[in-house]
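The structure under discussion appears below in the form of structure tokens.
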Amino acid sequence: MNKGVFGMRQARTSPSSPSGGEPGGAARRRPGFRMVMDAAQTSGPWWLPILSVTAAMIFCAFLIALNGLNPLVVYADMVQGAFGSGYGLGETVVKAIPLLLCGIGVALAYRIAFWNIGAEGQFLAGAMGATAVTMYLPHLPGPVDIPAMFVAGALAGAVWGLLPGVLRVYFQVNELISSLMLNYVAALLLDYFVFGPWKDPMGYNFPGTPMFQPWQQLMTFGGSRVHLGLGFALAAVALYGFVLNYTRWGYELRVLGASPAVARYAGISIGRKILTVMLLSGALAGVAGMSEVSGVAHRLMYGVSPGYGYTAIIVAWIAKLHPVGLILASVLFGGVIVGGYSVQTIGLPASMSLMLQGAILLFLIGGETLSRVRIVRNGPNGEENAAVHPAPEKRGGEAWM
């Protein structure tokens, strides 16, 4: 006890008093539990995609039931339409080809934590690049046409993919924004060409180019619409798996994706890696665009892509960037697209497939977030167990060179 300035006795506050004697005036908290985010965990368990797809199907089943239809019948029709016949299976593979090529490109960028949302624009750029060969070099020898279209499509996609990489490395522009906005620029540029200088004068005002010549079209297999783009896609996924797992360059990509600070300490040029990866990512999507116009549409036209580049993001995410997972996810979502067409016969719109894709993405992201939640116990003085949820490494705003 001590005397105050007016001679009155005042109580000395103990440092451990719960009345505010702690530094900063904070009251001591009682031991208890709280939820925290485990920043050290960057990926959910292997079974999470399966659970997410199941949860999405159950969610969509309720919406289908609200329309007065039996969800089991609808899902059975989708499976039958996509996989129940030779024609349906062939169409599923046709849809899976661009999804796989774009998915590999997106997965490659995600390996270094560069969030490329621009596969759709890179796909359209590749389609325009390949079509430019047919429009401006119509007299190329037949055997040269397809290789020239392949190179032009890959180069156009690579340039379109390089743009957000340059903006990120040299100007610190967020790649989510720049790559997404470039999708709309590519779509408007395509509209300009098919409604303007490349429009077929004999096409009855249809917004599209003249049909490609037979030697400008990719070969197909077995009387189906499955084309040579399948070979491009399978070769790309095999190369992707080999490079990532058995080469020094792939190891450096994995180190960079895990920790930019460690990569910089190891002497890895982060800026150079970003630019190289985005060139390859864009080139793969560009080859997908070339394959679509040369192997399926046989012309460049308005609406040539139903959103392959956006769906490829879900493909890469649900595959957890694994080569085999990319193949399986591409076939799955190709089947969802084809199955969406078949359910029109029972009164549902083809956009049913879009609803299912969106639900899968929603539940997948939600599941990934929940898998990082940890319940921790506060210490005896209320402090948290910091080892359970270490502070994430700061990435935004730092120079990438």
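The values are calculated or read from the model by the stated rules, or taken from the named source; none is laboratory data. These numbers come from a predicted model, not from an experiment. Positions of Cβ are generated from backbone atoms using ideal geometry, with glycine treated the same way; all protein chains shown enter the neighbour counts.
See the values below:
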read-out	value
Subset of the range 58-96 (residues that are of a type in the set (Val, Ile, Thr), surrounded by fewer than 13 Cβ atoms within 10 Å (Cβ to Cβ) and under 11 Å from LEU348 (Cβ atoms))	VAL73
The lone exception for TYR184 - which of (1) in a loop (DSSP other than H, G, I, E, B); (2) modelled with pLDDT of 95 or more; (3) out of contact with any Leu (no Cβ under 9 Å at 6 or more places or on another chain) it fails	(1)
Exclusive hit being surrounded by 21 or more Cβ atoms within 10 Å (Cβ to Cβ), under 26 Å from GLU175 (Cα atoms) and hydroxyl-bearing (Ser, Thr, Tyr), set TYR251, TYR240	TYR240
Residue, farthest from THR311 (Cα to Cα), within the range 81-117, restricted to residues that are out of contact with any helix residue (DSSP H, G or I) (no Cβ under 9 Å at 6 or more places or on another chain) and either touching a residue at least 24 places away in the same chain (Cβ under 8 Å) or not in a loop (DSSP other than H, G, I, E, B) (or both)	GLY86
Answer from SER291, SER330 - the residue that is closer than 30 Å to ILE146 by Cα, modelled with pLDDT of 80 or more, touching a strand residue (DSSP E or B) at 6+ places or on another chain (Cβ under 8 Å) and not in a loop (DSSP other than H, G, I, E, B)	SER291
Inter-residue pairs, beta-carbon under 7 Å, first more than 11 Å from ARG168 (Cβ to Cβ) and in the range 272-283, second of a type in the set (S, T, N, Q), 6+ apart	SER281/ASN116; GLY282/GLN122
Residue within the range 121-132 that is crowded, with 19+ Cβ neighbours inside 10 Å, in a loop (DSSP other than H, G, I, E, B) and either of a type outside the set (Lys, Arg) or touching a residue at least 40 places away in the same chain (Cβ under 8 Å) (or both) present	no
Selected residue (criterion: surrounded by the fewest Cβ atoms within 10 Å (Cβ to Cβ)) from residues of the range 254-281 that are assigned to a loop (DSSP other than H, G, I, E, B) and among the aliphatic types (A, V, I, L, M)	ALA266
Number of the exception - LEU284 against (1) of a type outside the set (Ser, Thr, Tyr); (2) out of contact with any Phe, Trp or Tyr (no Cβ under 7 Å at 6 or more places or on another chain); (3) surrounded by fewer than 21 Cβ atoms within 10 Å (Cβ to Cβ); (4) within 22 Å of GLU91 (Cα to Cα)	(3)
Pairs with Cβ under 6 Å, 6+ apart, first in the range 194-222 and free of Cβ contacts under 8 Å to residues at least 12 places away in the same chain and more than 19 Å from LEU124 (Cβ to Cβ), second buried (at least 16 other Cβ atoms within 10 Å of the Cβ) and not basic (Lys, Arg)	MET219/LEU228
Test result for PRO349, in a loop (DSSP other than H, G, I, E, B) and over 30 Å from PHE212 (Cα atoms)	yes
